Amino acid sequence: SFIKYCLDNSVNIITTLETTDTTTSTGMLQIHLIMSIADYERNCISDRTWSGKVSTYTNGNRPHGNIPFGYTKRNNELCIVNDEANLIKEMFYLYSDCKSLSKVKRMLDGVGATTRRDKLFSRKSIYNILKNKLYVGSVSLRGETTNGVHPTIVSKHIFTRVNNLLSS
């Protein structure tokens, strides 16, 4: 913080509106109390924010982030976008058959498949889609996964098969 920086560099703080003077022991006590209260408030805000995310997550909802390809949000719920969902299913089946991100990319490029931003899919974006547990109905928060309340796009069987292939 600014005050800590000043104190670390031997800069004394003397205020004209309050009676805070860091050259005295009382002034230093006041500064430390103010800094402690500010730190406490910052931690309280962080705890409340995290608590809200955890509550949303434990109810099976997705608490944060961009809406993933294949879904849209209506009335605060994820809903399937059919054209995008069909493309996601195709990615899973293509990878399951050919076992190569490069081949899947070439096949998608060949049919002119694009992202929401009208760009061709990269190998990395295909990989991220194939690894995303959201497509089998799960939501994740800091490495922990639970069942979501949103509709699934691919079956757990094909998801597991593809992810086993990606891992090997």
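Could you tell me whether any residue of the range 85-103 is of a type in the set (Val, Ile, Thr) and either touching a residue at least 60 places away in the same chain (Cβ under 8 Å) or assigned to a helix (DSSP H, G or I) (or both)?
We begin by selecting, within the range 85-103, every residue of a type in the set (Val, Ile, Thr); these are 88.
Keeping just the survivors that are either touching a residue at least 60 places away in the same chain (Cβ under 8 Å) or assigned to a helix (DSSP H, G or I) (or both) gives 88.
Yes, some residue in the range 85-103 is of a type in the set (Val, Ile, Thr) and either touching a residue at least 60 places away in the same chain (Cβ under 8 Å) or assigned to a helix (DSSP H, G or I) (or both).
Within the range 104-141, can you find the residues that are basic (Lys, Arg) and assigned to a helix (DSSP H, G or I)?
Our first condition is that a residue be basic (Lys, Arg); within the range 104-141, this holds for 105-106, 116-117, 119, 123-124, 131, 133.
Once the filter is applied, which keeps residues that are basic (Lys, Arg) and assigned to a helix (DSSP H, G or I), the range 104-141 yields 105, 106, 123, 124, 131, 133.
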Margin query: So, in the range 8-28, how many residues would count as being surrounded by 12 or more Cβ atoms within 10 Å (Cβ to Cβ), at pLDDT 75 or above and closer than 23 Å to residue 42 by Cα?
Written below: 2
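Residue under question is residue 161, and the condition is that it be open to solvent by 30 Å² or more (accessible area, probe 1.4 Å) and either within 30 Å of residue 55 (Cβ to Cβ) or not in a helix (DSSP H, G or I) (or both); does it hold? Let's see the steps before the verdict.
On the way: open to solvent by 30 Å² or more (accessible area, probe 1.4 Å): yes; either within 30 Å of residue 55 (Cβ to Cβ) or not in a helix (DSSP H, G or I) (or both): no.
Answer is no for this residue.
Looking at 145, 152, can you tell me which residue is loosely packed, with under 14 Cβ neighbours inside 10 Å, among the β-branched types (Val, Ile, Thr) and either in contact (Cβ under 8 Å) with a residue 12 or more places away in the chain or at positive phi (or both)? Spell out how you get there, then give the answer.
Values: 152 fails: loosely packed, with under 14 Cβ neighbours inside 10 Å.
The match here is 145.
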Item checked: Selected residue (criterion: farthest from residue 118 (Cα to Cα)) from residues of the range 87-96 that are open to solvent by 20 Å² or more (accessible area, probe 1.4 Å) and under 24 Å from the mean Cα position of the chain (by Cα) -> 89
Check: Restricted to the range 29-60, and to residues that are open to solvent by 70 Å² or more (accessible area, probe 1.4 Å) and in contact with a strand residue (DSSP E or B) (Cβ under 8 Å, 6 or more places away or on another chain), which residue is modelled with the highest pLDDT?
Finding: 53
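The values are calculated or read from the model by the stated rules, or taken from the named source; none is laboratory data. The structure displayed is predicted, hence computed values, not measured ones. Please note: Cβ atoms are built from the backbone with ideal geometry, for glycine as well, and neighbour counts cover all protein chains shown. SASA here: full protein model, heavy atoms, side chains in, ligands and nucleic acids out. Shrake-Rupley method; radii C 1.70, N 1.55, O 1.52, S 1.80 Å.
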